[in-house]
Amino acid sequence: MLVQGPPAGRTHLITTAYSTGPTGDSYPQTTLATLVSAGDPMTPAALPSKFAPIDDLSKDPVAQRRVITFSQNDQTNEFYINGKQFDVHRIDVRARLNTTEEWRVRNLANEQHTFHIHVNDFQLMSINGRPYHFRGWQDTVQLPARGEVVIRMRFRDFLGKYPFHCHILNHEDRGMMANVEVVR
Ligand SMILES: [Cu+2]
């Protein structure tokens, strides 16, 4: 994020009130940070007017398509990926190095989850079936309650095991995590 110093005074960075869904959590609006602008004014530096070009994974051939499902049991407070709680010794997805995969990530719950994967960033293709046209690298995406997203990811450079999981701490700690292994 790039910002230019505002006029002298105090500027607040706030998060607005937010609910993650009927069985989720609610948060009030609150101030995250206060920026104090003071002193002699500077000549502002130019801000970039566009993003650097990147590879567009929507044009890649897809080596593998998968469905990844996030769900939960509200009675037991257990959280699942593809119906299973995390097992550090289990490989849930095997992917081939230097291939592009397309994952349809579904959320069966009445609250949002946050898909997060380590190592290789992905690009978002659609949200609830609506094409998403901005191409940027991201390592998290919000899964709408009772909704789904489609992402594409290229497994570059690194062989080995790493996790993907819900980025809400209480959910990943209670099982919402799985392992990828990238192989030749
Ligand atoms: Cu979650």
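The values are calculated or read from the model by the stated rules, or taken from the named source; none is laboratory data. Predicted model only: the values in this text are computed from it and were never measured. All Cβ positions, even for glycine, are placed from backbone atoms using ideal geometry, and neighbour counts span all protein chains on display. Side chains included, ligands, DNA and RNA excluded: accessible areas come from the protein's heavy atoms. Shrake-Rupley method; radii C 1.70, N 1.55, O 1.52, S 1.80 Å.
List of remarks:
- For K59, a cut-off of 29 angstrom between C-alpha atoms picks up these lysines, skipping any fewer than 8 places away in its own chain: K50, K161.
- Counting only heavy atoms of the protein chains and using a 1.4 Å probe, S49 has close to 120 Å² of accessible surface.
- With every protein chain in place, the chain: carbon and sulfur % of accessible area (1.4 Å): 52
- P(r) weight above 31 Å for the chain, C-alpha pairs, percent: 31
- Based on Cα contacts under 8 Å between residues 6+ apart, the chain shows a relative contact order of 23 percent.
- Of T100, T43, T20, the one that fluctuates the most in a GNM where the chain has Cα springs shorter than 10 Å: T43
- Computed label-point distance, nm, for sites N98 and L47 using a 7 Å Cα→Cβ extension: 4.0
- Positive minus negative residues near V62 (Lys, Arg vs Asp, Glu; Cβ under 9 Å): -1
- About the Cα centre, charge dipole magnitude for the chain (Lys/Arg +1, Asp/Glu -1 at Cβ), debye: 580
- When the chymotrypsin sites (Phe, Trp or Tyr not before Pro) in the stretch 1-104 are filtered for DSSP coil states and for at most 16 other beta-carbon atoms within 10 Å of their beta-carbon, the remaining sites are F51.
- Checking every one of the chymotrypsin sites (Phe, Trp or Tyr not before Pro) in the stretch 124-177 against DSSP loop status and a limit of 14 other Cβ atoms within 10 Å picks out F134, W137, F158.
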